[in-house]
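Bear in mind that the values in this text are calculations on the coordinates, not laboratory data. Bear in mind that the values here come from a model prediction, so they are computed numbers and not experimental data. Don't worry about glycine lacking a Cβ; one is built from the backbone with ideal geometry, like all the others, and counts go over all protein chains shown.
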Amino acid sequence: MTDCGCEKAMAELEEYLHRELNEQDFADITEHLAHCEDCSDEHLVGLTLTHKVQKACKETAPAELRSAILSRLEKN
């Protein structure tokens, strides 16, 4: 493994968060994050945001709101 550097870590952070990198790139970025406070902070922000979005996408809209939206869509 080798430290990939901040530029690569930040450029591939989104793919890293979703585990869309090959094993070597994932390992390199993991090592970099373990030693770089700035990138580690950015990773934490991305991770928190990703979890919040995933949680929000699992929620169901209240029936009244859903009906109002569907009604408006039907009018268009």
*Mind listing whichever residues of region 1-53 are of a type in the set (D, E, K, R) and touching a Gly at 6+ places or on another chain (Cβ under 8 Å)?*
Glu14
*asked:* Could you list, ordered by first residue, the pairs with Cβ atoms under 6 Å in which the first is in region 19-31 and over 14 Å from His43 (Cα atoms) and free of Cβ contacts under 8 Å to residues at least 24 places away in the same chain and the second is exposed (fewer than 15 other Cβ atoms within 10 Å of the Cβ) and not basic (Lys, Arg), at least 6 apart or interchain?
replied: Leu21/Glu15
*asked:* Of everything in region 1-39, what is exposed (fewer than 14 other Cβ atoms within 10 Å of the Cβ) and either in a helix (DSSP H, G or I) or touching a Lys or Arg at 6+ places or on another chain (Cβ under 8 Å) (or both)? Give them in sequence order.
replied: Cys6, Glu7, Ala11, Glu14, Glu23, Gln24, Ala34, His35, Glu37, Asp38
*Mind listing whichever residues of region 16-31 are closer than 15 Å to Cys6 by Cβ and within 18 Å of the chain's Cα centre (by Cα)?*
Tyr16, Asp25, Ile29, Thr30
*Answer residue from region 40-73, given it is in contact with a Leu (Cβ under 8 Å, 6 or more places away or on another chain) and small (Gly, Ala, Ser) and is surrounded by the fewest Cβ atoms within 10 Å (Cβ to Cβ) among those*: Ser40
